[in-house]
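A short write-up of the structure that comes next.
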Amino acid sequence: MSVKTLLIIVNEDQYFVSHRMEIARGAIAAGWRVVVAAAPVSGCRDTIEKEGIEFQPLPLHGDGMNLNDQIATLRILIKLFQRHRHAVLHLVGMKMLLVGNVAARIAGFQGGIVNAVCGLGSMFRDPQAFKPRLLMRVLRSVWRRHNVATIVQNHDDEQILIDNGVIDPEEVVYIKGAGTNLKKYGKTSPKIPNRIKRVIFTGRLLRSKGVTDLVEAAEMLRAKWEGKVEFMICGGLSSNHESLKKEDMDRLCDGRYIVWTGLRNDIPGLLADSDIMAFPSYYREGVPLSLIEASASGLPIITCDSVGCRDTVDGNGFTVPPRSPQSIADKIDLLLSDESLRCSYGRRSRELAERDYDIRNVVHRHLNLYSRLAAATAGVAVGQPAAHPAPHPEISVSYV
């Protein structure tokens, strides 16, 4: 019996490592050959290949919108899909959904396709504007109509795609975020009496992620909490047109009360030493990994009442209006002042993480889906509904 091949196509290597690596590990443990195509912008190729994953570089730079880059990427994907015509193809993110589906059509790709919608992004703040309506029309014209499943992380995105005729309701698979390894989180450090409390933000330094709103909220609280609280902003610089620059961060952060750490790879430890997650994003998220990890760490959450973010709050924190530093400041002040409330919300966060975000469940749901699509490609289970995949054979995957 030939080895089944899984192709995972994402924008950037770092995103694959942070959001899809565990799924690839699970697939390899289940006997799949895994090939990842991504732009090697963060130097993660060695990390990926050490896992036994084949890596195909994509020539994307910056925000990936350069036309020459897109054409070169399209050509590479066409050749890749022609070599693996009967594989299972997992396309991740809106850019790759578009270019990947076009490449699959041109290549005559015959395998199953998983379209993973990980948030519609800032373009869809107004879904009725010209650009999102045009994108919906293009997606509708290239979307596969057979042997396909579409993963959505929230029901707002699902409804937009259905209303625009891009997807059929029966192809939808609802998986609430990328999940995380719960064993890495929730190991809280002993809290020293009268220690400096920490309010933390983790994520990309985009204006629509609410970074400047959080800094403004911190400044509103400076007179009351300076010397007692540290605001920590964890995130690296980006070439995205919305990204803050180094000079912006140096101006916004004083290094004592408001600290910018840059990109960190020790997030579980930082969260363990934190008291509140403040993530006031109004970017059109899927379900933010920052809030998934904060929930796993047992932190109360303050986030925006916006798509994707609001899905993480259920008795474990607060949602605030987008672009409202005063509301952010009020909720931070309330949680800093009330230890009992912080602890109660933190316990609820961990409960939600165990219910919704356990990476073991996320991996097995993906493997079920891959197996169902592979079986349909082979003519074994044609017509089995995408939303209810058959159970996967027992797989032993270790998460440490």
If residue 220 satisfies all but one of (1) assigned by TED's automatic domain parsing to the domain that holds residue 247; (2) crowded, with 18+ Cβ neighbours inside 10 Å, what's the number of the condition it fails? (2)
Step by step: first the residues of the stretch 302-326, then only those that are in contact (Cβ under 8 Å) with a residue 40 or more places away in the chain and in a helix (DSSP H, G or I), then the one that is nearest to residue 152 (Cα to Cα). Which residue is that? 311
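Conditions tested, residue by residue: (1) touching a strand residue (DSSP E or B) at 6+ places or on another chain (Cβ under 6 Å); (2) part of a helix (DSSP H, G or I).
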{"site": "218", "(1), (2)": "yes, yes"}
{"site": "222", "(1), (2)": "no, yes"}
{"site": "233", "(1), (2)": "yes, no"}
{"site": "254", "(1), (2)": "no, no"}
{"site": "260", "(1), (2)": "yes, no"}
{"site": "264", "(1), (2)": "yes, no"}
{"site": "278", "(1), (2)": "yes, no"}
{"site": "282", "(1), (2)": "yes, no"}
{"site": "286", "(1), (2)": "no, no"}
Looking at 129, 149, which one is more than 15 Å from residue 287 (Cβ to Cβ), buried (at least 19 other Cβ atoms within 10 Å of the Cβ), over 16 Å from the mean Cα position of the chain (by Cα) and not aromatic (Phe, Trp, Tyr)? 149
Of those in the stretch 188-208 that are part of a loop (DSSP other than H, G, I, E, B) and hydroxyl-bearing (Ser, Thr, Tyr), the residue modelled with the lowest pLDDT is 189
For the stretch 11-31, the count of residues that are assigned to a helix (DSSP H, G or I) and within 17 Å of the chain's Cα centre (by Cα) equals 11
Name the pairs whose Cβ atoms lie under 6 Å apart, with the first residue in the stretch 164-175 and closer than 25 Å to residue 131 by Cα, the second assigned to a loop (DSSP other than H, G, I, E, B) and not aliphatic (A, V, I, L, M), and 6 or more positions between them or separate chains? 166/143
Out of 77, 135, 98, which single residue is surrounded by 22 or more Cβ atoms within 10 Å (Cβ to Cβ), hydrophobic (A, V, I, L, M, F, W, C), in a helix (DSSP H, G or I) and in contact (Cβ under 8 Å) with a residue 12 or more places away in the chain? 77
Give the residues of the stretch 99-145 that are at pLDDT below 95 and either assigned by TED's automatic domain parsing to the domain that holds residue 206 or aromatic (Phe, Trp, Tyr) (or both), sorted by residue number. 124, 130, 143
Which pairs do you get when a residue that is within 18 Å of residue 257 (Cβ to Cβ), found in the stretch 232-245, comes within reach of a residue that is among the basic types (Lys, Arg) and assigned to a strand (DSSP E or B), reach meaning Cβ atoms under 8 angstrom, with the pair 6+ apart or on two chains? 232/198
Which members of the stretch 194-213 meet the condition of being β-branched (Val, Ile, Thr), buried (at least 20 other Cβ atoms within 10 Å of the Cβ) and within 18 Å of residue 225 (Cα to Cα)? 199, 200
Inter-residue pairs, beta-carbon under 8 Å, first without any contact (Cβ under 8 Å) to a residue 60 or more places away in the chain and in the stretch 197-211, second part of a helix (DSSP H, G or I), 6+ apart: 205/211; 205/249; 211/252
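Table: residues versus (1) crowded, with 21+ Cβ neighbours inside 10 Å; (2) within 23 Å of the chain's Cα centre (by Cα); (3) part of a helix (DSSP H, G or I).
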{"site": "9", "(1), (2), (3)": "yes, yes, no"}
{"site": "35", "(1), (2), (3)": "no, yes, no"}
{"site": "47", "(1), (2), (3)": "no, yes, yes"}
{"site": "60", "(1), (2), (3)": "yes, yes, no"}
{"site": "70", "(1), (2), (3)": "no, yes, yes"}
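The values are calculated or read from the model by the stated rules, or taken from the named source; none is laboratory data. Note that the structure is predicted; figures quoted are calculated from it, not measured. Counting neighbours? That spans all protein chains shown, and the Cβs are built from the backbone with ideal geometry, glycine included.
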